[in-house]
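Note sheet for the following structure.
The values are calculated or read from the model by the stated rules, or taken from the named source; none is laboratory data. All values derive from a computational prediction rather than experimental measurement. Cβ atoms come from the backbone with ideal geometry, glycine included; neighbour counts cover every protein chain shown. Each accessible area value is taken on the protein alone, full model and side chains, heavy atoms only, with ligands, DNA and RNA left out. Shrake-Rupley method; radii C 1.70, N 1.55, O 1.52, S 1.80 Å.
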Amino acid sequence: MNEHRIKAIIKSISNINNDNFFDEICLSLSRAINADFVFIATINDTKTNATSLAVANKGCLVDNFTYPLKSTPCAEVVSESICTYSCNVQNLYPDDELLVNMKIDGYVGIPLKTSKGQISAILVALFEDAISDVHEVETLFLLFSGLIEKELHKCSYLKAIEFTNNIIENAHEAIVVCDKNQRITYINPSFTRMTGYDQADLQGKTPRTLSSGKQSKAFYQTMWLDLNTKGHWQGEIWNKRKDGHEYLEWLSITAVVDKNNELTHYTAFFTDITEQYIAKEKIKFHDSYDTLTRAANKKSLFTFIDRSIVQYTSLEKSNSPAALLVINIDLFKKFNSLYSHDLGDKVLIYVANRLKELVRDTDIVSRTTGDNFSIFINGLTNKKAAINVVNSINSAFMKPFIIDDINIKITLSIGIAFFKEDAQNAHGLFEKAEQAMFVAKDNGRNSYEFYSQELSDIANMEEAFKLSLESAIENDEFSNVYQPIVSLKNKSVNKFEVLARWKHNGDYISPAEFIPIAEKFGLISKIGNLVLNKACSELKRLNEMGFTDVVFNINRSIYEFSADGDHTSWLDTINSYHLAPKNVCFELTESVLAPENDRCIKLLNTLKIAGCPIALDDFGTGYSSLSYLRRFPIDTLKIDRSFISEMTKVEGDVVLVSAIISMAKALGISVVAEGVELKQEVDILVSLGCDDIQGYYFSKPIAAGSLSQYLVDFKYCE
Ligand code: C2E
Ligand code: CA
Ligand code: CA
């Protein structure tokens with residue numbers, strides 16, 4: 001081997017840089033051995049193709065190429081090892097197009113191996129003429145193969161690094177690497193995208209820079225314990241972006257150790273899961289909150305109460321009371337019917353927000369159904385504190401508020417039940433507070449009521465009563481009695497008040513008892529219609545007997561007035577018996593004239609136009625009675641029994657009755673005194689100019705069958 005040739009090759013490759021090593025070595029080798037072609041080619045994994053890395057042809061570099069190994073001498077190199085043909089190689093491999101096309105005669109190929117000993121490339125020299133010294137070529141190739149192999153290792157190693165780098169740089173996950181002292185040494189672009197921090201921002205800093213302060217000390221203690229003992233930790237963690245916004249990440253940290261098990265650094269991967277978290281929270285919200293008012297729904301109210309109760313009991317604080325308030329907006333339906341559902345919704349939202357302002361963070365406001373809200377108040381100092389809350393609620397709604405330019409005033413009925421006196425769980429507390437709320441409603445609304453066992457007993461009794469009443473209606477267990485109304489002026493009787501009687505299991509149940517229940521449970525119309533039908537039938541009978549000027553006063557409840565119903569059925573009944581409407585007077589309580597019951601005026605007008613007289617019952621027991629009187633032309637006013645019986649006891653009440661009579665006269669309204677039992681009362685009423693008297697003094701209510709006889713026999717006794 002010519003020493004200067006080797007030196008020349010070494011010299012030529014000593015200056016080459018990484019980029020053109022393969023080119024340079026191919027050129028040098030081709031020059032040294034006088035080959036027409038020298039090339040280095042890598043072999044693919046399936047060992048079917050070779051692709052050149054560099055090709056030197058007669059002292060010049062030419063384009064790289066790929067060729068199939070099949071039927072070529074290179075295939076031998078790949079499978080066996082050095083392959084040398086000093087001449088005639090074309091004839092030996094006639095299917096090797098490359099050899100044929102290039103008119104190759106001599107061939108030397110040697111395998112190039114990886115560090116693991118696998119053939120991954122080949123070094124080949126091709127000669128157009130026969131090779132003069134094959135041995136020399138082989139020696140030279142073997143001499144430089146180690147160097148080429150090393151370069152190939154380096155290339156594949158760099159490729160692998162580039163590949164990994166690419167993965168890291170393009171990873172969707174944020175990646176951060178810290179040294180063993182937790183100083184950040186690397187962040188990938190996703191990290192910058194997610195957090196807003198770039199490498200310069202974090203140089204020499206620890207991941208604490210990103211801390212949101214949301215996690216407890218204990219949280220980090222567990223994390224470090226896992227990292228130190230298991231070498232790995234993963235979980236959710238709230239961190240802060242550079243712009244200060246918090247985000248939730250799913251973080252996975254690994255402690256990396258060297259072969260001596262010494263910690264070298266930490267790598268952490270994370271993804272931003274804030275959006276998923278928000279989506280999950282939204283689902284949770286829908287499950288726990290009322291979407292209209294954003295107050296808790298009944299389910300989460302109950303969960304909250306039951307959780308609070310468990311805490312109470314475990315904290316041995318069980319002696320301090322907690323209260324559940326069930327709050328109903330009085331006459332809420334009017335907002336929907338008078339204005340719109342949209343306004344109704346806005347009222348509900350307003351109420352929810354106002355209530356939320358009134359309670360502490362430890363309490364909860366819930367919209368349980370429609371116009372029902374509840375507040376659970378934890379840790380009251382005493383029961384009176386619950387009244388303070390009620391008072392603050394009431395004063396919050398004292399003033400009207402404006403929605404859509406409409407002045408809105410609401411009142412609330414509130415029921416209160418206490419833990420643990422009234423109930424020991426959410427369900428029980430709610431049931432009892434609700435019962436108390438119903439009592440507050442019965443008491444005329446705009447009030448509050450505490451639950452008590454008596455209330456509960458009443459509620460249970462009422463429920464049973466309601467069932468009997470329903471079957472009483474079904475079986476018509478009712479009858480009418482008729483109480484005469486005596487005219488003081490004519491000293492005669494032509495009017496009777498029709499009073500319902502319920503014979504139940506052989507006993508007469510007072511209307512004072514069953515009418516309010518019927519009103520409460522929506523059964524009153526059915527009873528009213530039964531009474532009216534019976535009265536009309538009786539009146540028709542009297543008419544037929546010649547008593548044509550008799551007037552029956554029928555009691556009808558304000559609960560029978562529906563907001564949108566047509567009110568002609570009462571008149572239809574009267575007409576169906578061919579009765580004159582002037583002979584059927586309707587007795588209604590003064591609340592029908594209250595402004596909030598404007599819907600009643602429509603019915604009053606219908607009745608009045610048809611010719612039915614209207615009497616105002618129990619006058620004086622309601623409120624604002626005098627001002628209401630101007631709202632509708634009433635025919636008769638009935639002074640309540642309580643005023644009459646007090647007349648003989650309290651001087652002042654005579655003055656009151658006298659004033660009512662004078663005022664009625666001034667308005668052209670006739671007056672009936674109710675519940676007159678004593679001669680003394682009759683005398684006073686006569687002296688005051690009262691028109692009519694009704695009461696036991698003249699007669700108790702009498703049965704239908706005795707009416708005609710009563711009319712015949714009646715004599716006014718002084
Ligand atoms: P009301 O309309 O004020 O009827 C008068 C009540 O006073 C009747 O009681 C009558 O029997 C009673 N009463 C009459 N004179 C005297 C007296 O001198 N002394 C005493 N202590 N009481 C007297 P009743 O029949 O028990 O009816 C009670 C209430 O039930 C009625 O009061 C009325 O509000 C209601 N009611 C009765 N029948 C009907 C009805 O058919 N429909 C409706 N909606 N309510 C009715
Ligand atoms: Ca009456
Ligand atoms: Ca009355």
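With the Cα gyration tensor of segment 479-713 giving a ≥ b ≥ c as the square roots of its eigenvalues, does the rule (a/c under 1.5 for rounded; else a/b larger than b/c for prolate; else oblate) give rounded, prolate or oblate? Note, shape of segment 479-713 comes out rounded. What the phi angles of segment 349-355 give under the Karplus curve with 6.51, -1.76 and 1.60, with θ = phi - 60°, is a coupling list of 5, 4, 4, 4, 5, 5, 5 Hz, glycine and proline written as x.
Positive contributions from Lys and Arg (+1) and negative ones from Asp and Glu (-1), summed over other residues with Cβ under 10 Å from the Cβ of P516, come out at -3. Note on L678 and R294: their simple-model spin labels are 6.5 nm apart, each label 7 Å out from Cα toward Cβ. Of interest is the spacing of the C-alpha centroids, which for segment 227-249 and segment 324-376 amounts to 41 Å. Phi angles across segment 541-558 convert, under the Karplus curve 6.51 cos²θ - 1.76 cosθ + 1.60 with θ = phi - 60°, into 3J(HN,Hα) values of 4, 5, 4, 5, 7, x, 7, 8, 9, 6, 10, 9, 9, 9, 7, 10, 8, 5 Hz, Gly and Pro given as x. Since only T51, V439, F270 are under comparison, the one whose Cα sits farthest along the positive direction of the charge dipole of the chain, derived from C-beta charges on Lys, Arg, Asp and Glu, is V439. For the listed peptides 427-435, 530-538, a ranking on the average number of other beta carbons within 10 Å per residue, highest first, reads 427-435, 530-538. Helix 298-314 axis versus longest C-alpha principal axis of the chain: approximately 80°, rounded to the nearest ten. With a Förster radius of 60 Å applied to the C-beta separation of N407 and Q182, the computed FRET efficiency comes to 0.40.
Averaging sequence separations of C-alpha pairs under 8 Å and six or more residues apart, then dividing by the length of the chain, give the relative contact order as a whole percent. Intermediate values should be presented prior to the final figure.
On the way: 1190 pairs, mean separation 40.9, N = 718.
Value for the chain: 6 percent.
Just tell me which aspartates and glutamates come within less than 17 Å, Cα to Cα, of K700; anything on the same chain fewer than 8 places away is out. Qualifying aspartates and glutamates at Cα under 17 Å: E497, D640, E674, E677, E681, D692, D713. For the chain, carbon and sulfur atoms together expose 52% of the accessible surface, with a 1.4 angstrom probe and every protein chain in place. With contributions of -39500 (n - 2.57) from each DSSP H run of at least four residues, the per-residue ellipticity at 222 nm computed over the chain stands at -13500 deg cm²/dmol.
Based on protein heavy atoms only, the chain ends up with 51 Å² per residue of surface accessible to a 1.4 Å probe.
When peptides 447-453, 269-275 are sorted by average Cβ neighbour count within 10 Å, with the highest value leading, the order is 447-453, 269-275.
When a/c is below 1.5 the answer is rounded, else prolate if a/b is larger than b/c, else oblate, so apply that to segment 3-157 with a ≥ b ≥ c taken from the square roots of the Cα gyration tensor eigenvalues.
Numbers: a/c = 1.58, a/b = 1.14, b/c = 1.38.
Oblate is the answer for segment 3-157, as a/c is 1.5 or above yet b/c matches or exceeds a/b.
For the modelled label position 7 Å from the Cα of K230 along Cα-to-Cβ, which residues of segment 247-282 have backbone nitrogen atoms closer than 14 Å? Within reach of a label on K230: 251-255. Using the average count of surrounding beta-carbon atoms within 10 Å as a protection proxy, the listed peptides 507-516, 20-29 rank, highest first, as 20-29, 507-516. Placing unit charges on the Cβ atoms only, positive for Lys and Arg and negative for Asp and Glu, gives the chain a dipole magnitude near 1560 debye about its Cα centre.
Quick check of the Kirkwood formula: for the chain, what is the inverse mean of 1/r over all pairs of different Cα atoms, in Å?
On the way: mean 1/r = 0.0274 Å⁻¹.
Answer for the chain: a Kirkwood hydrodynamic radius of 36.4 Å.
In straight Cα distance, which aspartates and glutamates are under 20 Å from K432, not counting same-chain residues fewer than 8 positions off? Straight-line reach from K432, under 20 Å: D306, D330, D363, D371, E421, D422, D442, E449, E454, D457, E462, E463. Does anyone have the angle between helix 217-230 and the longest principal axis of the chain? Alpha-carbon axes, 0 to 90°, nearest 10? It is inclined by approximately 30 degrees. Net charge of the neighbourhood of V89, taken over other residues with C-beta under 12 Å away and scored Lys/Arg +1, Asp/Glu -1, is -4. Against the main long axis of the alpha-carbon atoms of the chain, helix 383-396 sits at an angle near 90°.
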